[in-house]
Every structure is written in structure tokens, then in C-alpha cells.
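Derivation of every value follows stated rules applied to the coordinates shown; laboratory data play no part. Every value quoted in this text rests on a predicted model; they were computed, and no experiment measured them. For neighbour counting, all protein chains shown are included, and Cβ atoms are generated from backbone atoms with ideal geometry for every residue, glycine included.
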Amino acid sequence: MSMVVLKEIDEVSLKNSGYIKQRQKDMFTVRLRVPCGNVTSEQLIGIGHIAKQFGGGYVHITTRQGVQIPNVNVNDLDNITEELQFNCTPPGSSGPHVRNIIACPGNHECTSGIIDTYGLGGMLDGEFFKEKMHVKMKFAVTGCPNGCAKPQANDFGVMGIIKCTINSEECSGCGICTDTCPDKAIILKNEKASIIWDRCKLCGKCAKACPSDAISEDFRGYKIFVGGKNGRNPKLGRELIEVTSSHEVVAIFRKIINWSKKNNLSRERVGDCIERIGFEKFKHDMLLQEGGT
Ligand code: SF4
Ligand code: SF4
Ligand code: SF4
């Protein structure tokens, strides 16, 4: 990233690069690029020193896994930028751009995790972070249907999913899966288990619990949501497609981002744009030639 040259850059340009003007005269909050909310121990120590040297001696952890340093004087922006770049935690994104990509721990640490959330978050960060848009765009990656990273409350959400199949011949009728399923999506009939699909959230817990190995994974992949947001007029994102690879996830988001650039009105969030144009038409346009299920 090029250095900030204060005489040449106005406040809007500063904001777009993660320098947010505060209510106090000449003071800025510097927002950092922190994909998936992860920083190394060394980076964290560096951020602490930098906040002490140039800010108010503390950092603020944002609601979207971001880190920002408040109370930086406008005359220190060049120097703090240099230090942050050296620390490999450069200033981030604000304004009408793709914002910090957030992710839950997924299968790295969580026992419920289905997908590699950090790997996918890194791919999305590399492809989309800070891309110029008509309006802010937020991505969330969540490891399973518990949805801790709130994929339905972001413009673009991804969720790890597993579809299971029950082999009746192997099923002993023990009922462990019916007790295990958080959504009461498995019933026993004639001592054989079967899944009620419109209740199943695709978490895969039943397959792990079955003592007879009668439940197997049919499909492990990603469910994509689009059009969610918080704020003054919250909206839940809608399910668009299920795909099997992280590369397909990136490809479908590229398609949606390009569509959004063509169709969004100024300051219109993607969910509002989809509603104005019609979800079915949007879905049809997006899924042409896609290989989802
Ligand atoms: S969404 Fe699932 S994988 Fe991610 S933290 Fe929550 S329970 Fe774990
Ligand atoms: S846990 Fe397995 S064996 Fe027991 S009822 Fe369910 S599918 Fe059948
Ligand atoms: S995948 Fe999850 S929600 Fe679906 S039947 Fe199994 S335990 Fe229930």
C-alpha cells in the first residue's frame, strides 16, 4: 500500500483506506486488516506497542473481528502506517468497499466444524478485500449450521454443511440418532431411522453418533447465503446454492460481486437490490452454468 500523504488525500479517501475521523479534532481511528480475526502473537505484541506509541494506549476489538487503534493524531498517520505495514497488520477498509472477512474457528478447533473456515476466509480476503463497490460489502464464513459467524446477517455468507444418508439395512433401530439430532429431524418407523429433510439443517451430528455406522456422509460442502445485513433496517440473507469446493464459492461470489456492481443503485445494499429486481431472476442469472446441487 502506498504511504499516506496528508496534503494530497481528503477525509473520504482516508476513510476508504481504514482511517476513520473521530469526533475529536484532528484525531483518527486506524482500522487494521485482520482476515478471519486472526493475528499472530508477534503481530499482537507489535499492535500493542504501536497503539501505545501513536494512539491512546489501547485497541478496540470491533463487532466484526476487527482491530482498530483510536486516538491517532492526523500528523502521525504516515508514521503509524509505516509501522503497521512493517508489523504485517496494515490499515484496512472502510466506506464503499469489501470489508474485513470474518470467520468462526471452523474445523481448526471447533468440534462441530465442518469446513476449513480460515482457508476459505483467506481465499476470499485475497480475491475481494477492499474491492471498490457502490456500497459496503461484508463476508462471513461459518463452519457449521450453528452459524456462529452469522452468515445470514452479512451481504455474503458461507456455511459448512454435511448431507447424510441412512442405510436401513445397517440400522438397528437404537434411536441414538433421534436423540442426538438438535432439530428432531430423524424419526423411527418399524425400528428403522429416516430423515425428515425439511427439518434437517445438514450438521452431520447424527452420522458421528450412530454406533452402527449406518449413517454416512453423502455430501460435504458449502451453503451460500446472499443479501443479509444488520443496521437500521436489518434483513436476513437468503440461501442461494450449495457447492462442493472452495473454488466454486469464490467463483459464485465473483459473479455476484460483478452483478452487484452493474445493478446496485448508489448506497443500495445487495439484499435490497436483489429484492428490487426479484430473487428468482437474480438466482436464475447467478446459477446459469453453475454446478451446484
Ligand atoms: S459455527 Fe459451528 S464450527 Fe463455527 S464456531 Fe460455531 S459451532 Fe463451531
Ligand atoms: S443411531 Fe444408527 S443404528 Fe441407531 S437408529 Fe439411528 S441410524 Fe439406526
Ligand atoms: S444432519 Fe443434523 S439436522 Fe440433519 S438429521 Fe442429522 S443431526 Fe439432524
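Taken one residue at a time, the phi angles of region 225-234 give Karplus couplings (6.51, -1.76, 1.60, θ = phi - 60°) of 10, 9, x, x, 6, 9, x, 5, 10, x Hz. Gly and Pro are set to x.
Distances between placed amide hydrogens fall under 5 Å for Gly92 paired with Arg31, Leu32, Arg33, all partners being 5 or more residues away or on another chain. At an R0 of 41 angstrom, the distance between the Cβ atoms of Lys52 and Asn146 translates into a FRET efficiency of 0.65.
According to the Kirkwood relation over distinct C-alpha pairs, the hydrodynamic radius of the chain is 21.0 Å. Maximal additional length on extending the Lys262-Asn230 stretch stands at 9.2 nm, based on 0.36 nm per residue less the C-alpha distance.
Close amide H contacts of Leu240 (hydrogens built in the peptide plane, cut-off under 5 Å, sequence separation of 5 or more or a different chain): Ile224, Phe225, Val226. Working from the Cα coordinates of region 6-86, the gyration tensor eigenvalues give, after taking √(5λ), semi-axes of 20, 14, 12 Å in decreasing order. With each label modelled as a point 7 angstrom along the Cα→C-beta vector, the Ile187-Ser13 pair spans 6.6 nm.
Only aspartates and glutamates eight or more places from Lys208 in sequence, or on another chain, were considered; those with a Cα closer than 14 Å are Asp179, Glu217, Asp218. Gain on full extension, evaluated as 0.36 nm per residue between Asp285 and Leu44 minus their Cα-Cα distance, stands at 82.4 nm. Helical content alone sets the calculated 222 nm signal of the chain at -8500 deg cm²/dmol, taking -39,500 (n - 2.57) per DSSP H segment of four or more residues and averaging over every residue. Computed from the alpha carbon positions, the gyration tensor of region 1-156 leads to an equivalent ellipsoid with semi-axes of 28, 17, 13 Å, biggest first. Each of the peptides 168-177, 110-119 was scored by the mean count of other Cβ atoms within 10 Å over its residues; in descending order, highest first, they stand as 110-119, 168-177.
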